[in-house]
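Reviewing the structure listed below.
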Amino acid sequence: MLPVLLFAAEQPAVAGKPVLPMIVLGTIMTATYVVIAFEWLHKSLAAMLGAIAAVTAALLFGVFKDEPTHSAYDRAVHDIIGHDVGVIGVLFGTSVLVDIAGRSGLFHFLAVKLVKATHGNPLGLHLAIAAATVFFVTFLTITPGTLIMVSLVLVVTKELDLDPKPYVLTVAICANSGALMTFASGVCTLMLGTAGNLAYMDFFRVSTPMALVSAGLAFVCLRWFYRAELAAGGSPQERAAKVASFDEWALVKDRGLFYRCAIILAGTIIGFALAQKLRVHIDFIAFCGGTAALLFSGIYPEEAIRKVNWSVVLFFIGLFVVIGSVQESGLLDWQARKMIELAQGDPIVTMMYVAVFVLALSGVVDNIPVAATLIPIVRSMQSQGMPAEPLWWTLVITANLGGNSTPVGSISSVVALHALEKERGIKVGWGEFLKIGGLITVLQSGLVLLYLYVFARLGWFPARS
Amino acid sequence: MEFEEADRMAEDVAMFRAALHARPTALVDPSCKAVLVALDGSNQDTTAQTYAAALAGRFGARVHEHRGATTAAEILQAAVEHQVGLIAVPVPFGRDISELRDESLGFVVDMLLQEAHCPVLCVREPVEAVEVDAALADLVVAATHEDQYAVRALSWACRLTARGGRLTLLAVADRDALEEVRLLVAETISSEALAPAALDRAMAQQFGGLIAALQRRGEADGFALRVEFRVGRVAETVLTEANPRRRLIVTGAPREHQALAHHHAVDLVLGARGAVLVV
């Protein structure tokens, strides 16, 4: 290690910045990602440790300079966190709202209604589960949406004596399509949407059609792959009677809360859609929605606030500080320049490179660090004259769908497969998942590349606000 | 999977199982042609009269006032004579509440709770008429199991709750009873099975059918319904919820004084600041 550092110290500056801090900070960032990917430490702890190491190194190497109004430390920590505080605001607001909506039984109620509408028909049930997964993740984000749908699948398939595996995998894979439906459908999506200043309504033009098409494609693949397991068994009348015995009202503990939640959720979504016209950011709307939920839910605020995913908030803060330090060292600008050079300055080729890179990497690494690292690179590319809109949308789509290729590529797969094994003793190995998940990822990747190419070629990407 | 997610999933699975196994439960439609209010000359008389008039109004029933009774037998005889569907009495009977407070119900009320053929409304602290109206718009029903007594208590509560009012079902897993069971079969029940979250899930399944029936009734009759699962001592838990605003408590109990549910009802009446309807 020492010879490398000595060698680096002797290297000429890159674009006016010394190489040694780039290498050290780049190593800290890579080490943080490796620790997160292999789960050697809890991801929040890994990010916080990475942040401490990055800030220490950045200050030692003088990456951040003292300014008349800001000390180097202010710039290394407070400015970076302040810059990304919008994401934390959205996370807080949506976490509170989603927790209270979950407790109201609103989504559980809708899920049971939908299942009853299928009368236990396996094809209808499979389709309903895929559609409900996309719908629930759209409004509840990926983890709560997946948890509700996997729970439902486990209970329904047991009652109907069906193999739960195809249904659970449908939830795991379709959830990633749901995460790119709207600005606030997934943590990764809202992080990219905030960073790229993408308008809520523009998601319906670019990302929602892709979400629906990719979910449809996944559904067809799963249907074909598990055609034997999805074949109907038993009598249709018996299945219909069993499904009819569900009573959705048994899920509603507080009808007032149930209706209030529906209103607040609808109001928040309308607020998201109108945010641009109201000249506020999404985090303000999310904050208002969360506060309204706290005010009108009748749930003790302390209890609801405790449910905010503080672990993700800490993870973000740590990650932002690590990436902010690396960015200041100039390493990410250098990477951006190299990518543009590799694409010979062609915006569409650059976009394709980014798409392939993110699709491949998201399968093995949590998509949040991947997206968080790409954000400053895209910003740098933009400052070097690259059109930014195609790159932001590329990140939104590929970071969410890339996770379908492996059982550890997305939180929905991790949750769904763990639940399947724990509740029903059915293990889906890497081999089996790679066959179906890999097939779906290959087809979805082809579709995504074609989709992005058409959008870029025809200039369909909406201009950012 | 992280612990919190595993816990949330167990909760979701329990909710769906509750929906699946919800036994169809039918609420009864209680009838009451007359209400008997027994007065003892104490400072609770006016409140007992106001309650009796308000409850009679819910059923379109007559109110009979009975003064000067000194025994439960006299009150019960008057109830039979007038064919009443509900008896309202100040508790303790024959003395001001400040004299006995929460030490004893007095012999008359003890006997009424064991012998009455109809529900008994036990009136505690004297309140203004407006507070009686408020109590009838915000009822608390205490139940430990989904049994015939819980169904009867809830049926009465639904009938009494004012349109636009609120009914709270407090389903309490009795800590004392659980402790006895745990001591009895300690080796076969894990402590996790008796953890509050696990008990919540068990109660969600047990009360599923009743909750569904209540929500439908609430939707039709225009009152709000909230269900809460608690673990604790029954009377203590319910009184903590009801006493600050002197809410009307409704509970179902067998007449046999040895029954645990009967003891819970007596404890509720002893500790209540508002009125308690023992069905």
In cubic angstrom per residue, the convex hull of chain A built on its Cα atoms measures 153 Å³
Rounded to the nearest 500, what is the 222 nm mean residue ellipticity of chain A from helices alone, with -39500 (n - 2.57) per DSSP H run of 4+ residues and division by all residues?
-> -24500 deg cm²/dmol
Hey, rough spin-label estimate for A:Phe296 and A:His70, points 7 angstrom out along Cα→Cβ, what's it come to in nanometres?
-> 3.9 nm
For region B:206-221, just list the computed ³J(HN,Hα) in residue order, Karplus coefficients 6.51, -1.76 and 1.60, θ = phi - 60°, integers in Hz, with x standing in for Gly and Pro.
-> 5, 8, x, x, 5, 4, 4, 5, 5, 5, 5, 5, x, 4, 6, 8
What is the helix-to-structure angle for B:3-20, meaning the angle in degrees between its Cα long axis and the longest Cα principal axis of chain B, kept from 0 to 90 and rounded to the nearest 10?
-> 60 degrees
With the convex hull built on the Cα atoms of region A:103-199, state its orientation-averaged projected area in nm².
-> 6.2 nm²
Size descriptor, Kirkwood hydrodynamic radius, that averages inverse alpha-carbon separations across region B:127-279, Å | 15.9 Å
Cut-off under 5 Å, modelled amide H: who pairs with B:Ala275 long-range | B:Arg124, B:Ile249
How long are the three semi-axes of the equivalent ellipsoid for region A:182-295, computed from the Cα gyration tensor as the root of 5 times each eigenvalue, in whole Å, largest first?
-> 36, 25, 10
Mean residue ellipticity (222 nm) of chain B, computed from DSSP H runs ≥ 4 via -39,500 (n - 2.57), nearest 500 | -14500 deg cm²/dmol
Compactness check, region A:384-436: C-alpha Rg relative to the 2.2 N^0.38 Å globular estimate gives 1.61
Area projected by the alpha carbon convex hull of region A:254-376, averaged over all directions, nm² = 11.0 nm²
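Quick check: net charge around A:Ile323, other residues with Cβ under 15 Å of its Cβ, Lys/Arg +1 and Asp/Glu -1?
Taking every Cβ under 15 Å from that of A:Ile323, the sum is -2.
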For region A:115-273, with the dipole built from +1 on Lys and Arg beta-carbon atoms and -1 on Asp and Glu ones, taken about the Cα centre, which of A:Thr194, A:Thr118, A:Leu140 lies farthest toward the positive end?
-> A:Thr194
Longest segment of chain A with no GluC sites (Glu not before Pro) in a DSSP loop having at most 16 other Cβ atoms within 10 Å?
-> A:230-465
FRET efficiency (B:Asp221, A:Met201; Cβ distance; R0 45 Å; to 0.05) is 0.60
Simple spin-label estimate for A:Ala117/A:Ser235, 7 Å along Cα→Cβ, in nm, reads 2.8 nm
The correct pair for region A:86-306, radius of gyration to one decimal and Dmax as a whole number, both in Å and from Cα atoms, is 18.2, 57
Binning every alpha carbon pair distance of region A:335-456 at 5 Å from zero, what are the percents per bin?
-> 2, 12, 20, 20, 16, 11, 8, 5, 3, 2, 0
Calculated FRET efficiency for the pair A:Trp310/B:Ala197, C-beta based, R₀ 35 Å, to 0.05 | 0.95
Applied in sequence order to region A:409-426, the curve 6.51 cos²θ - 1.76 cosθ + 1.60 (Karplus, θ = phi - 60°) yields integer Hz couplings, x standing for Gly and Pro, of x, 9, 5, 5, 5, 4, 5, 5, 5, 5, 5, 4, 6, 5, 7, 10, x, 9
Estimated dipole of region B:31-126 in Debye, rounded to 20 [Cβ of Lys and Arg +1, of Asp and Glu -1, Cα centre] = 440 debye
Subtracting the Cα-Cα distance of A:Ile348 and A:His281 from 0.36 nm times their residue separation yields 21.2 nm
Förster-model FRET efficiency, 30 Å R0, B:Ala6 and B:Gln148, C-beta, rounded to 0.05 | 0.20
In sequence order, what are the phi-derived ³J(HN,Hα) couplings for region B:26-33 according to the Karplus relation 6.51 cos²θ - 1.76 cosθ + 1.60 with θ = phi - 60°, rounded to whole Hz, with x for glycine and proline?
-> 9, 7, 7, 10, x, 10, 7, 8
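So what is Rg over Rh here for region B:53-181, counting just Cα atoms and using Kirkwood for Rh?
We get a ratio of 0.98 for region B:53-181.
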Based on Cα positions only, what radius of gyration and what Dmax would you give for region B:1-61, in angstroms?
-> 23.4, 66
Taking the convex hull of the Cα atoms, report for region A:207-256 its projected area averaged over all directions, in nm².
-> 6.5 nm²
What does the charge dipole of the protein assembly as shown about its Cα centre add up to, to the nearest 20 debye, if the Cβ of each Lys and Arg holds +1 and the Cβ of each Asp and Glu holds -1?
-> 2140 debye
Express in nm, to one decimal, how much length is gained between B:Leu183 and B:Asp133 on full extension, taking 0.36 nm for each residue of separation and deducting their alpha carbon distance.
-> 13.5 nm
Rounded to whole Å, √(5λ) for the Cα gyration tensor eigenvalues of region B:31-126, largest first, gives 20, 15, 11
Could you give me the radius of gyration and the Dmax of chain B, taking only the C-alpha atoms into account and expressing both in angstrom?
-> 19.5, 69
Beyond 21 Å between alpha-carbons counts as too far, so tell me which of A:Lys43/A:Lys307; A:Lys158/A:Lys242; A:Lys43/A:Lys435; A:Lys43/A:Lys422; A:Lys116/A:Lys422 fall in that bin.
-> A:Lys43/A:Lys435; A:Lys43/A:Lys422; A:Lys116/A:Lys422
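In a shell of Cβ-Cβ distance under 14 Å around B:Arg247, excluding B:Arg247 itself, what net charge do Lys and Arg (+1) and Asp and Glu (-1) give?
0
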Once amide H atoms are built 1.01 Å from N in the peptide plane, which residues 5 or more positions from A:Asp254, or in another chain, come under 5 Å H to H?
-> B:Val227
Excluding the sites themselves, what is the longest stretch of chain A that contains no trypsin sites (Lys or Arg not before Pro) in a DSSP loop with at most 15 other C-beta atoms within 10 Å?
-> A:66-226
Given Cβ charges of +1 for Lys and Arg and -1 for Asp and Glu, the option among A:Ala286, A:Leu162, A:Leu91 whose Cα lies farthest towards the positive end of the dipole of chain A is A:Leu162
Point-charge dipole on Cβ atoms (K/R +1, D/E -1) for region A:253-360, about Cα centre, debye to 20 = 460 debye
Starting from the Cα gyration tensor of region B:204-270, take the square roots of the eigenvalues, sort them a ≥ b ≥ c, and report rounded, prolate or oblate (rounded when a/c is under 1.5, otherwise prolate if a/b is larger than b/c, else oblate).
-> prolate
Count charges around A:Val90 for me, please; just the other residues with Cβ under 11 Å from its Cβ, Lys/Arg as +1, Asp/Glu as -1.
-> -2
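Every number in this text was worked out from the coordinates using simple rules, so none of it is lab data. Quantities reported herein were computed from a predicted structural model and do not represent experimental measurements. Don't worry about glycine lacking a Cβ; one is built from the backbone with ideal geometry, like all the others, and counts go over all protein chains shown.
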